[in-house]
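Notes to accompany the following structure.
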Amino acid sequence: MTQLYPLLMSPAFDPRPWGTLDLSAIYPNHKFNERIGEAWLTGDNCVVANGPLAKRSLADLSKEFGPELVGTAARDPRRFPLLLKFLFPEEKLSVQVHPDDATAQRFGEPWGKTECWYVAHAKPGSQIALGLKPGVTVAQFEQAIHEKRAEELLNWINVYQGEMIYVAGGTVHTLGPGAVIVETQQQSDTTYRLYDYGRPRPLHLDRGLASVKERVASGKVIRPAPVAIDGGKNRRSSMISAPYFTVDLFELKSPHDFSTIESERDASGKTSVQILVAVEGCGVVEAHGRDPVTMAKGDAVVIPADLDAFQVRPQWAIEFLKASVPSGTVPEPATRL
């Protein structure tokens, strides 16, 4: 059987009516003839770009390698657990909701969709809508949809570069233009569109309204200050720790060693695949006995769980997110609006 190694992923660019032709903030060397809304990095159908497993999808590899790839902390040992992607809204996204696990399973889906958004770039005045305004009921929101004034009942907030937003399943939400987002989520694309500003796309009001929660834990994540590591040469920021994912931000100017075993957080010994997404700079990912992989802004590298250890060596400097599955039960994060 082929030996696993760090997997450089090919971004899958997804056209959307609210997207943009200009992705230069992340992909300066790519030109597009249609409006791109999302760049998928670790979806089921995303494919490997390097080595003997090139052109194989993550869904296929997860079925073949199981816990060797996804780790023992994943809820399904034969499915890749996390979907990461960039979002590039030039116009407002539809007002939508994703179900939580319990609601999704009532509808015959394997699981729901809780996610978080890292704000990689934000123009002044960039906004998102997160949840209903205090005191608004689902019935009132449904009436507002039919009266074409749903936006009035949403909780709009300004967002700034470097913030992390938690979006629990059941949260009504949308993105406004002006920001570039890195989204980390459960491996699910279950989305119910509730309101779309008159665009000619179908709505999903029955299941969508059944999924809406009036009170949610969503909001801007309250997190500790960055921590200096490696003698002060590098920095680590704990961006979010939540039931389905953990995301840290690393700013490296010198090499740093990592482990796929979450021993620094608890004593379970469970392993998780690690997903690295570069948001600035360039570096090299190295694992013992495997070919090195160069990672530049916009790239994602999947570190299989059975590699145990790896190193990221910056070329001058690199800033990247590292996402994984928590090894134990984790509460929802502390947030504010």
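The values are calculated or read from the model by the stated rules, or taken from the named source; none is laboratory data. Remember, it's a predicted structure, so these values are computed and weren't measured experimentally. Virtual Cβ from ideal backbone geometry, glycine too; neighbours counted across all protein chains shown.
Could you identify the single residue in 69, 82 that is within 17 Å of the chain's Cα centre (by Cα), crowded, with 23+ Cβ neighbours inside 10 Å and in the same structural domain as residue 179 (by TED's automatic domain parsing)? Steps first, answer last, please.
Details: 69 fails: within 17 Å of the chain's Cα centre (by Cα).
Only one candidate passes the filter, namely 82.
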Within the range 141-157, identify whether any single residue is modelled with pLDDT of 95 or more, out of contact with any Gly (no Cβ under 7 Å at 6 or more places or on another chain), among the aromatic types (Phe, Trp, Tyr) and surrounded by fewer than 16 Cβ atoms within 10 Å (Cβ to Cβ), and answer yes or no.
yes
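So, in the range 193-243, exactly how many residues are farther than 30 Å from residue 320 by Cα and among the small types (Gly, Ala, Ser)?
Taking the range 193-243 first, the residues farther than 30 Å from residue 320 by Cα are 193-215.
Among the residues that remain, those that are also among the small types (Gly, Ala, Ser) are: 198, 208, 210-211.
Here the count works out to 4.
Being of a type in the set (S, T, N, Q) and surrounded by fewer than 17 Cβ atoms within 10 Å (Cβ to Cβ) is the filter here; which residues of the range 85-107 pass it?
105
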Subset of the range 1-16, residues over 21 Å from the mean Cα position of the chain (by Cα) and surrounded by 15 or more Cβ atoms within 10 Å (Cβ to Cβ), comes to 4, 5
For the range 320-337, name all the residues that are within 16 Å of the chain's Cα centre (by Cα) and part of a strand (DSSP E or B).
320, 321, 322, 323, 324
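Got a sec? Which of 172, 138 is closer than 17 Å to residue 97 by Cβ, β-branched (Val, Ile, Thr) and surrounded by fewer than 19 Cβ atoms within 10 Å (Cβ to Cβ)? Please lay out each step first, then the result.
Values: 172 fails: surrounded by fewer than 19 Cβ atoms within 10 Å (Cβ to Cβ).
Just one listed residue meets the conditions, 138.
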Restricting attention to the range 104-161, which residues are over 19 Å from residue 215 (Cα atoms) and small (Gly, Ala, Ser)?
108, 120, 122, 125, 126
Does residue 144 satisfy the criteria of being within 30 Å of residue 250 (Cβ to Cβ) and without any contact (Cβ under 8 Å) to a residue 60 or more places away in the chain?
no
Subset tally (residues that are hydrophobic (A, V, I, L, M, F, W, C) and in contact with a strand residue (DSSP E or B) (Cβ under 7 Å, 6 or more places away or on another chain)) for the range 55-111
11
What is the one condition in (1) of a type in the set (S, T, N, Q); (2) within 19 Å of residue 299 (Cα to Cα); (3) in contact with a helix residue (DSSP H, G or I) (Cβ under 8 Å, 6 or more places away or on another chain) that residue 29 does not satisfy?
(3)
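Check the range 86-97 and report whether any residue there is without any contact (Cβ under 8 Å) to a residue 60 or more places away in the chain and within 30 Å of residue 215 (Cβ to Cβ). Spell out the reasoning first.
Step one: of the range 86-97, the residues without any contact (Cβ under 8 Å) to a residue 60 or more places away in the chain are none.
No: zero hits.
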Which pairs turn up if I take residues in the range 172-196 that are under 17 Å from residue 127 (Cα atoms) and look for partners that are acidic (Asp, Glu) with beta carbon separation below 8 Å, at least 6 apart in sequence or on another chain?
177/90; 177/91; 183/115
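State all residues of the range 108-135 that are small (Gly, Ala, Ser) and either surrounded by 13 or more Cβ atoms within 10 Å (Cβ to Cβ) or over 13 Å from residue 179 (Cα atoms) (or both); if no residue qualifies, say none. Quick ask: steps written out before the conclusion?
The first filter runs over the range 108-135 and keeps only residues small (Gly, Ala, Ser), leaving 108, 112, 120, 122, 125-126, 129, 131, 135.
Residues satisfying the conditions are 108, 112, 120, 122, 126, 129, 131, 135.
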Among what's in the range 17-56 and is among the hydroxyl-bearing types (Ser, Thr, Tyr) and surrounded by fewer than 19 Cβ atoms within 10 Å (Cβ to Cβ), pick the residue that is nearest to residue 68 (Cα to Cα).
24
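Being in contact with a Phe, Trp or Tyr (Cβ under 9 Å, 6 or more places away or on another chain) and either modelled with pLDDT under 95 or closer than 23 Å to residue 43 by Cβ (or both) narrows it down to one residue among 302, 212, 221; which is it?
Among 302, 212, 221, only 302 is in contact with a Phe, Trp or Tyr (Cβ under 9 Å, 6 or more places away or on another chain) and either modelled with pLDDT under 95 or closer than 23 Å to residue 43 by Cβ (or both).
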Could you name every one of the strands (runs of 3 or more DSSP E) located completely within the range 161-259 that has at least 2 residues being farther than 24 Å from residue 73 by Cβ and touching a helix residue (DSSP H, G or I) at 6+ places or on another chain (Cβ under 6 Å)?
192-195
